[in-house]
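Trainee: One structure, as structure tokens, below. Some questions next.
The values are calculated or read from the model by the stated rules, or taken from the named source; none is laboratory data. Note that the coordinates shown come from a computational prediction; the quantities given were computed from them, not determined experimentally. Neighbour counts are summed over all protein chains in view; Cβ atoms, including those assigned to glycine, are modelled from backbone coordinates with ideal geometry.
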Amino acid sequence: MNQINKQTELKVEVLVDADEGVRPVASPSRRRVIKLGAATVPVLATLTSPSALAGTCITTSAWGSDQVSQSASQAARHAIKAAEVTPGYTISAWNSSADGAGTPWSAFKTKYGITANPNSLTFRDIYTIVGNIYMRDLSSSFTSNKVVGGLADNVESYFLVAMLNYVVWPTKPPLACVTDDNWKQIVAGSYAPAGNLWGVVESGTYVKNNHIVTFT
């Protein structure tokens, strides 16, 4: 009887040892699941970070919804669908008085058939020349009266330059991001995605963070 018990105990020990030897080794399919699960963490973090959107923009409506919801997963979904952007003339270029070929002021003067030196143009002049469909009067938003030398790395300048680029730059922001109707509403100050009315700050922040306008 004792011999039988000893043999039974020996078999149990062998089975336990065998089980412990196999347990740490995951199946190939399980290893794939684990790897995929671990891989999604840095991908999501990347998609929700500003650097992942370099050179791209998302729709104005999606951007507005993201700002209200503060949802990382929602922002990641919108980032995946982002459209490529070719920025127009920079703030620094508009801040210069140069008006030779290839400059924004040359394009502006050609577009509107004017000969005035850019140094003489005020923010109010610009609004009067362009008209209120594609330009909002931001003359009170700047401490300087003149456009040249009066622009800086601030939301007001980003918004103003976006409006200027929209009328003279050959490649407008992609329709996948900013439709013409939406842009008119933004300019008019009546755009309210997700019920949040966009002012100068919201409009300038959008064009800056979505790479539609760059400083240099």
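Trainee: Determine, yes or no, whether Ser27 is more than 29 Å from Pro193 (Cβ to Cβ) and either of a type in the set (Gly, Ala, Ser) or at pLDDT 90 or above (or both).
Mentor: Details: more than 29 Å from Pro193 (Cβ to Cβ): yes; either of a type in the set (Gly, Ala, Ser) or at pLDDT 90 or above (or both): yes.
Yes, satisfied.
Trainee: Still on this structure, I have one more. Taking the options Phe108, Phe142, name whichever one is modelled with pLDDT of 95 or more and touching an Asp or Glu at 6+ places or on another chain (Cβ under 7 Å).
Mentor: On the way: Phe108 fails: touching an Asp or Glu at 6+ places or on another chain (Cβ under 7 Å).
Of the residues listed, the single one that is modelled with pLDDT of 95 or more and touching an Asp or Glu at 6+ places or on another chain (Cβ under 7 Å) is Phe142.
Trainee: Step by step: first the residues of the stretch 153-171, then only those that are in contact (Cβ under 8 Å) with a residue 24 or more places away in the chain and not in a helix (DSSP H, G or I), then the one that is farthest from the chain's Cα centre (by Cα). Which residue is that?
Mentor: Going through the stretch 153-171, the residues in contact (Cβ under 8 Å) with a residue 24 or more places away in the chain turn out to be 153-169, 171.
Those left that are additionally not in a helix (DSSP H, G or I): 153-154, 169, 171.
Details: Asp153: 17, Asn154: 16, Trp169: 19, Thr171: 18 Å.
Here the residue is Trp169.
Trainee: I've got another one for you. If Asp180 passes every condition in (1) crowded, with 16+ Cβ neighbours inside 10 Å; (2) closer than 22 Å to Ala79 by Cα but one, which one does it miss?
Mentor: The number of the failed condition is (1).
Trainee: So, in the stretch 186-199, how many residues would count as being in contact with a Phe, Trp or Tyr (Cβ under 9 Å, 6 or more places away or on another chain) and either surrounded by fewer than 17 Cβ atoms within 10 Å (Cβ to Cβ) or outside any helix (DSSP H, G or I) (or both)? Give the derivation first.
Mentor: Step one: of the stretch 186-199, the residues in contact with a Phe, Trp or Tyr (Cβ under 9 Å, 6 or more places away or on another chain) are 186-187, 189-193, 197-198.
Now restrict to residues that are either surrounded by fewer than 17 Cβ atoms within 10 Å (Cβ to Cβ) or outside any helix (DSSP H, G or I) (or both): 189-192, 197-198.
Going through the stretch 186-199 one residue at a time, the tally reaches 6.
Trainee: Follow-up question, since we're still on this one. Show me the helices (runs of 4 or more DSSP H) entirely contained within the stretch 70-143 in which 2 or more residues are more than 23 Å from the chain's Cα centre (by Cα). Quick ask: steps written out before the conclusion?
Mentor: Working: elements: 72-80, 91-94, 104-112, 123-130.
It comes to 104-112, 123-130.
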